[in-house]
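Below: one structure, written as structure tokens.
Values in this text are rule-based calculations from the coordinates and carry no lab data. Only a predicted model underlies this, so the values are computations on that prediction, with no experimental measurement involved. Cβ: placed from backbone, ideal geometry, glycine included. Neighbour counts: every protein chain shown.
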Amino acid sequence: MSTQSESPFEMKEENISKASKALKAMGHPLRLKILCVIGGQELPVMDIVKQVGTTQSNISQHIDILREKEIITSRREGSKILCKIRDPKILNLMDTMQQTFCQINDL
């Protein structure tokens, strides 16, 4: 007989909290668009700005929020700041979200 604590779907409270914070941060339309643009790549902030279509200041503010929530990471290379999705789990979620929501043909 299986008990509830043996369920393969049991989630630790810290995982639920992490998922909730990530989804809340990702729920903003501009941040979601930034993540869709980044996908599995590492991109310079200026490339993100060009693809998203808003100001560098606005993008930088949202990148800071995504970085604080540990969704993306960034590093400096010369004069460029490169961003990528930090956690493979978030990348898997983004892949699913991109397939579902970011395809131009589906809009």
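List of remarks:
- Output for the stretch 51-93, where each listed residue is part of a helix (DSSP H, G or I) and of a type in the set (D, E, K, R): D64, R67, E68, K89
- Positions within the stretch 41-71 being under 10 Å from the mean Cα position of the chain (by Cα) and of a type outside the set (A, V, I, L, M, F, W, C), in sequence order: R67, K69, E70
- Pick from the stretch 37-80, criterion closer than 17 Å to A22 by Cβ and of a type in the set (A, V, I, L, M, F, W, C), ranking: surrounded by the fewest Cβ atoms within 10 Å (Cβ to Cβ): I65
- Candidates in the stretch 18-46 are the residues that are assigned to a helix (DSSP H, G or I) and in contact with a strand residue (DSSP E or B) (Cβ under 9 Å, 6 or more places away or on another chain); of these, the one that is nearest to T96 (Cα to Cα) is L35.
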